[in-house]
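Heads up: the structure comes next, in structure tokens.
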Amino acid sequence: MKFSARSEYALRAMIDLANNDHREVIGVKEIAARQNVPERFLEQQMTTLRKAGLVNSQRGAAGGVSLARTSDKITIAEIIEALEGHLTPVTCVVADAPDCAKSAHCAVRDLLCKVDLAVKEVLRKTTLANLASNQSRYDQSKHPMYYI
């Protein structure tokens, strides 16, 4: 399974929002610059995330975006599904998929069902707060503090 650039950029933007939670609204232009993401592309992802109820947006000179809920209440699965749709690797694994003549006796389908469950479990158990915390640690390790 491969996530698109749309999901990668949106995840980075959401982490940025989570790590700057103390500010009410952050401009998409500011996030795009910090994350080295094309602004127009990020605006499209923010629109999708707003429609999914994951971010709030505010228009105007002081406009921008903010998280719709606290970062510990937003799962990575929600973000990815808003942008990519179903996370299922192949159609035969989806519950309402058209019947396959081999689906009842298919070792490949069995394997893909296990993969599907494992991926979904990881994405559902991982919150935006988890990723934001990890990113903060990475950012701090780039700028070590030396004390005397």
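Here are the numbers for the structure shown:
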read-out	value
Qualifying residue in region 52-67 (condition: within 19 Å of Thr127 (Cα to Cα) and exposed (fewer than 13 other Cβ atoms within 10 Å of the Cβ))	yes
Residue under evaluation Phe3, criteria (1) assigned to a loop (DSSP other than H, G, I, E, B); (2) touching a helix residue (DSSP H, G or I) at 6+ places or on another chain (Cβ under 8 Å); (3) farther than 28 Å from Val115 by Cβ, criterion not met	(3)
Val37, sole failed condition from (1) assigned to a loop (DSSP other than H, G, I, E, B); (2) within 13 Å of the chain's Cα centre (by Cα); (3) free of Cβ contacts under 8 Å to residues at least 40 places away in the same chain	(2)
Selection within region 13-32 - farther than 19 Å from Thr70 by Cβ and touching a helix residue (DSSP H, G or I) at 6+ places or on another chain (Cβ under 8 Å)	Val28, Lys29, Ala32
Ala10 under 21 Å from Asp139 (Cβ atoms), surrounded by 15 or more Cβ atoms within 10 Å (Cβ to Cβ) and over 11 Å from the mean Cα position of the chain (by Cα)	no
Answer residue from region 13-25, given it is among the aliphatic types (A, V, I, L, M) and within 19 Å of Leu83 (Cβ to Cβ) and is nearest to the chain's Cα centre (by Cα) among those	Met14
Identity of the residue in region 13-34, part of a helix (DSSP H, G or I), of a type in the set (D, E, K, R) and closer than 21 Å to Arg137 by Cα, that ends up modelled with the highest pLDDT	Asp16
Which listed residue, of Thr47, Thr88, Thr126, Thr70, is of a type in the set (Ser, Thr, Tyr), modelled with pLDDT of 90 or more and either within 21 Å of Lys2 (Cα to Cα) or exposed (fewer than 12 other Cβ atoms within 10 Å of the Cβ) (or both)	Thr126
Flag if Ala104 is modelled with pLDDT of 80 or more, exposed (fewer than 11 other Cβ atoms within 10 Å of the Cβ) and of a type in the set (A, V, I, L, M, F, W, C)	no
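The values are calculated or read from the model by the stated rules, or taken from the named source; none is laboratory data. It should be emphasised that the depicted structure is a prediction, and the values quoted were computed from it without experimental measurement. No Cβ is skipped: glycine too gets one built from the backbone with ideal geometry, and neighbour counts run over all protein chains shown.
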